[in-house]
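One structure is given here, and the rest of the page talks about it.
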Amino acid sequence: GPGAGQAAKICNNMMLAIEMIATSEGMSLAAKLGMDPKVFAAIVNTSSGRCWSSDTYNPYPGVLENVPATRGYAGGFGAELMLKDLALATDAAKSVRQPVMMGALAQQIYQKHSVDGHGAKDFSSVILQYLKT
């Protein structure tokens with residue numbers, strides 16, 4: 001029906017934002033624990049943590065070639081655009097009284113990322129929230 005395309009887009013992008021944050025957290029923690037990020041990514045991508053954000057668009061610099069992480073997070077789908085879609089998703093969820101707790105948290109993480117000056121970078125740059133600590 002009318003609006004189904006927009007609903008699919010914002011729900012899909014909400015899921016993608018959550019996946020990217022989870023991938024960023026896991027990759028950053030593994031590196032802090034002394035694991036080689038490429039080795040950890042290979043383990044994840046053959047086990048239960050595998051997702052598009054880890055195997056195709058990994059945010060950790062140097063893990064994959066030809067992704068924004070290798071170009072200083074230039075190009076790709078902007079973090080500000082992801083934030084906009086997360087706001088649309090959480091607003092839509094409120095309108096139908098559907099809890100989206102992870103979506104709301106993802107919105108806050110991307111909001112901080114934007115406030116920190118990374119809004120024009122690719123959305124995978126959200127890993128910078130974890131690499132700076």
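Find how much the distance from Arg50 to Gln111 grows on full extension, using 0.36 nm per residue of separation minus their present alpha carbon separation; answer in nm with one decimal. Intermediate results must be reported in sequence, preceding the final value.
On the way: separation 61, 0.36 × 61 = 21.96 nm, distance 2.58 nm.
That works out to 19.4 nm of additional length.
In a shell of Cβ-Cβ distance under 13 Å around Lys38, excluding Lys38 itself, what net charge do Lys and Arg (+1) and Asp and Glu (-1) give? Write out the running numbers ahead of the final one.
Details: positive: none; negative: Asp36, Asp55, Glu65.
Around Lys38, the surrounding residues sum to -3.
Give the calculated FRET efficiency between Asn12 and Lys38 to the nearest 0.05, with a Förster radius of 30 Å applied to their Cβ-Cβ distance. Write down the numbers at each step before the final one.
Values: r = 28 Å, r/R0 = 0.93.
With a Förster radius of 30 Å, E is 0.60.
Helix 4-32 versus the longest principal axis of the chain: what angle, 0 to 90°, nearest 10, using Cα atoms?
Its long axis makes an angle of about 30 degrees.
Considering the values (1) 57; (2) 61; (3) 49, which represents percent of Cα pairs over 19 Å apart as calculated for the structure under consideration?
(3)
Among residues other than Ala79 whose Cβ falls under 13 Å from its Cβ, what is the net charge (Lys/Arg +1, Asp/Glu -1)? Mind dumping the intermediate values first?
Numbers: positive: Lys84, Lys112, Lys121; negative: Glu80, Asp85, Asp116, Asp122.
Charge balance in the 13 Å sphere: -1.
Computing the accessible area with a 1.4 Å probe over protein heavy atoms, can you report the carbon and sulfur percentage for segment 15-133?
61
Keeping all protein chains in position, work out how much accessible area Phe123 exposes to a 1.4 Å probe, and write it in Å² to the nearest 10.
Accessible surface of Phe123 is approximately 0 Å².
Of Thr23, Thr70, which has the most accessible area with a 1.4 Å probe, and how do the rest follow in descending order?
Working: Thr23 15, Thr70 70 Å².
Ranking Thr23, Thr70 by accessible area, largest first, yields Thr70, Thr23.
May I ask you to compute the full-extension gain from Lys132 to Met101, defined as 0.36 nm times their residue separation minus their alpha-carbon distance, rounded to one decimal in nm? It would help to have the intermediate numbers written out before the result.
Numbers: separation 31, 0.36 × 31 = 11.16 nm, distance 2.52 nm.
Contour length minus the Cα-Cα distance gives 8.6 nm.
Ordering Asp116, Asp122 by accessible area with a probe of 1.4 Å, largest first, what comes out? Kindly include the intermediate steps, with their values, before the conclusion.
On the way: Asp116 60, Asp122 0 Å².
Largest to smallest exposure gives the sequence Asp116, Asp122.
Loop-only check: which GluC sites (Glu not before Pro) in segment 6-65 are DSSP coil with at most 12 other Cβ within 10 angstrom? Kindly include the intermediate steps, with their values, before the conclusion.
Working: sites: Glu19, Glu25, Glu65; in loops: Glu65.
Passing sites in segment 6-65 are Glu65.
What's the longest bit of the chain with no exposed trypsin sites (Lys or Arg not before Pro), using DSSP loop states and at most 15 other Cβ atoms within 10 Å as the test?
Details: sites that count: Arg50, Arg97, Lys132.
The longest such stretch corresponds to 1-49.
Counting only heavy atoms of the protein chains, get the accessible area per residue of segment 65-104 (1.4 Å probe) and round it to a whole Å² value.
Values: 2430 Å² over 40 residues.
Computed with neighbouring chains in place, this is 61 Å² per residue.
The values are calculated or read from the model by the stated rules, or taken from the named source; none is laboratory data. Everything numeric in this text was worked out from a predicted model, so none of it was measured. Neighbour counts run over all protein chains shown; Cβ positions are idealised from the backbone, glycine included. Note: areas computed on protein heavy atoms with side chains; ligands, DNA, RNA excluded. Shrake-Rupley method; radii C 1.70, N 1.55, O 1.52, S 1.80 Å.
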